[in-house]
Structure formats: C-alpha cells, structure tokens
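Take a look at the following structure, please.
The values are calculated or read from the model by the stated rules, or taken from the named source; none is laboratory data. Just so we're clear, the structure is a prediction, and the values are computed from it rather than from any experiment. Note: ideal-geometry Cβ built from the backbone for every residue, glycine included; neighbour counts use all protein chains shown. Only protein heavy atoms, including side chains, enter the accessible area calculation; ligands, DNA and RNA are left aside. Shrake-Rupley method; radii C 1.70, N 1.55, O 1.52, S 1.80 Å.
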Amino acid sequence: NPINQLVVKHTDLSILGIQQPTYQVEIYHKNGSVRVLEVLETPIKDPQSRVLAVEGIARDVTEKVAIENALRQSETHYRQLFDNIPVATWIEDKSALTKVLVRYAHLSASEFQTWLGEEPQLIHDWFKDFTILQANRAAFALFEAQDLNELKESMLHAILQVDQQQLLSVLLQV
C-alpha cells in the first residue's frame, strides 16, 4: 500500500536522531478489517545526543479518516451540483448590510423609504459591503464576469438599475 511506503523512511530518520512528523500506516486487524494508525516516533538520546532508542506511539484513526473521506466526497458532490445547475446561483454574506439595516429597524417602511429617497447614495454604499463567497458558472455567464470581484461589480451595477421601490422591498426582506 502506498501509504505504508513512508514507514521505513520515517523510522530510518528517527534512528538517525531526526524527529519526524506524525504519519499514517494501514494494518490488518485480527478480524481482517483494514485499520489506519497515526504514528509518532521520537528518538531517545543520551547526554551526548547519540540515539539510544526510538519511542513510538500509534493511535487508531480509522473512523476519523473515514469521516474525512466522506466529507470530501460530499463536498465534491455539492460542488458539482452547485457548479452545474443551469440557474445563476451564488452564496453571499450580507452581514454588513444586515448590521446597517438593523440600525434603522425603528423606522416604519414609509419613513425608511422617505429617508432613502433623500439619501440614494446610501443604497449604493450598503450594497458595496456585501460579499459574494461562491458563484456557479451560470452566474458568471449571466453577469459576464470572470471572477468574484467582477461578478460583485456587475451585480452592483444591476442593483442600481432597479427601481428604488423594488429595491426597497428587497431591502425590507433582508
């Protein structure tokens, strides 16, 4: 097994007195199953720094490795679905915008609308604070963007073209 090929290298270097990082090895359990062990070898030296022995400890990380593999597989599956869905889809962080809107929660919808009418630049400033974390191919194609920054700029441009009344209804849903 390729994972086991490093065992000799790590042990030989430990015998030479060079501390090695932890490594993994696969073994067969007495019940026939394959187990994954995480191994740490430490050279034990005398006062003159000569290696007297190599002390090792191993712990069974089979379940941890299985969980990590399952998570990787799930992430790959999710990424493929997300990237290939034919509808423009993105994940955004609107926490900065939400914090701003919370400050004005005491205003009624009509007061908020009036206030925004007097300060239209605020809408532009607020939407600059949102962050696009991920986007799929369809989103990049729709907004003719090459990267997340271009995508955000194209979205911001589109948002500012929207009727202020429609934009207000979107803001009130955040």
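Counting only residues that are within 25 Å of the chain's Cα centre (by Cα) and not hydrophobic (A, V, I, L, M, F, W, C), which one in region 85-106 is surrounded by the fewest Cβ atoms within 10 Å (Cβ to Cβ)? Reasoning before the result, please.
We begin by selecting, within region 85-106, every residue within 25 Å of the chain's Cα centre (by Cα); these are 85-99.
When the remaining residues are screened for being not hydrophobic (A, V, I, L, M, F, W, C), the result is 86, 89, 92-95, 98-99.
On the way: P86: 9, T89: 15, E92: 14, D93: 12, K94: 15, S95: 11, T98: 13, K99: 11.
Looking at residues that are within 25 Å of the chain's Cα centre (by Cα) and not hydrophobic (A, V, I, L, M, F, W, C), I get P86.
For the condition of a type outside the set (K, R) and either part of a loop (DSSP other than H, G, I, E, B) or more than 30 Å from V7 (Cβ to Cβ) (or both), what is the one hit in P43, P21? Break it down into steps so the answer makes sense when it comes.
Values: P43 fails: either part of a loop (DSSP other than H, G, I, E, B) or more than 30 Å from V7 (Cβ to Cβ) (or both).
Result of the check over P43, P21: P21.
Contact list please: Cβ distance under 6 Å, first residue in region 21-33 and over 22 Å from H10 (Cβ atoms), second residue among the aromatic types (F, W, Y) and in a loop (DSSP other than H, G, I, E, B), pairs at least six apart or on different chains.
Qualifying pairs under 6 Å: none.
Please tell me if K64 is over 30 Å from W115 (Cβ atoms) and open to solvent by 80 Å² or more (accessible area, probe 1.4 Å).
yes
For region 2-20, enumerate the residues that are touching a residue at least 12 places away in the same chain (Cβ under 8 Å) and among the β-branched types (V, I, T).
Within region 2-20, the subset touching a residue at least 12 places away in the same chain (Cβ under 8 Å) is 3-4, 6-7, 10-11, 14-20.
Correct list: I3, V7, T11, I15, I18.
Looking only at region 126-140, count how many residues are touching a residue at least 40 places away in the same chain (Cβ under 8 Å), open to solvent by 20 Å² or more (accessible area, probe 1.4 Å) and part of a helix (DSSP H, G or I).
The total comes to 2.
Scan region 87-101 for residues that are out of contact with any helix residue (DSSP H, G or I) (no Cβ under 8 Å at 6 or more places or on another chain) and in a strand (DSSP E or B) and jot them down.
Residues satisfying the conditions are I91, E92, D93.
Tell me whether region 64-86 contains one or more residues that are not in a helix (DSSP H, G or I) and not hydroxyl-bearing (S, T, Y).
Taking region 64-86 first, the residues not in a helix (DSSP H, G or I) are 85-86.
Going one step further and asking which of them are not hydroxyl-bearing (S, T, Y), we end up with 85-86.
Within region 64-86, one or more residues are not in a helix (DSSP H, G or I) and not hydroxyl-bearing (S, T, Y).
For residues in region 39-59 being touching a Pro at 6+ places or on another chain (Cβ under 9 Å) and touching a residue at least 12 places away in the same chain (Cβ under 8 Å), which is surrounded by the fewest Cβ atoms within 10 Å (Cβ to Cβ)?
Pass one, region 39-59, residues touching a Pro at 6+ places or on another chain (Cβ under 9 Å): 40, 51-55.
Imposing the further condition that a residue be touching a residue at least 12 places away in the same chain (Cβ under 8 Å) reduces the set to 40, 51, 54-55.
Values: L40: 16, V51: 14, V54: 18, E55: 11.
Residue satisfying both the conditions and the ranking: E55.
Moving on. If you go through region 107-122 one residue at a time, do you hit one that is part of a loop (DSSP other than H, G, I, E, B), at pLDDT 80 or above and either in contact with an Asp or Glu (Cβ under 9 Å, 6 or more places away or on another chain) or exposed (fewer than 11 other Cβ atoms within 10 Å of the Cβ) (or both)?
There is at least one residue in region 107-122 that is part of a loop (DSSP other than H, G, I, E, B), at pLDDT 80 or above and either in contact with an Asp or Glu (Cβ under 9 Å, 6 or more places away or on another chain) or exposed (fewer than 11 other Cβ atoms within 10 Å of the Cβ) (or both).
May I pose another question? Name the single residue, out of those in region 141-155 being crowded, with 16+ Cβ neighbours inside 10 Å and in a helix (DSSP H, G or I), that is nearest to the chain's Cα centre (by Cα).
It comes out as L148.
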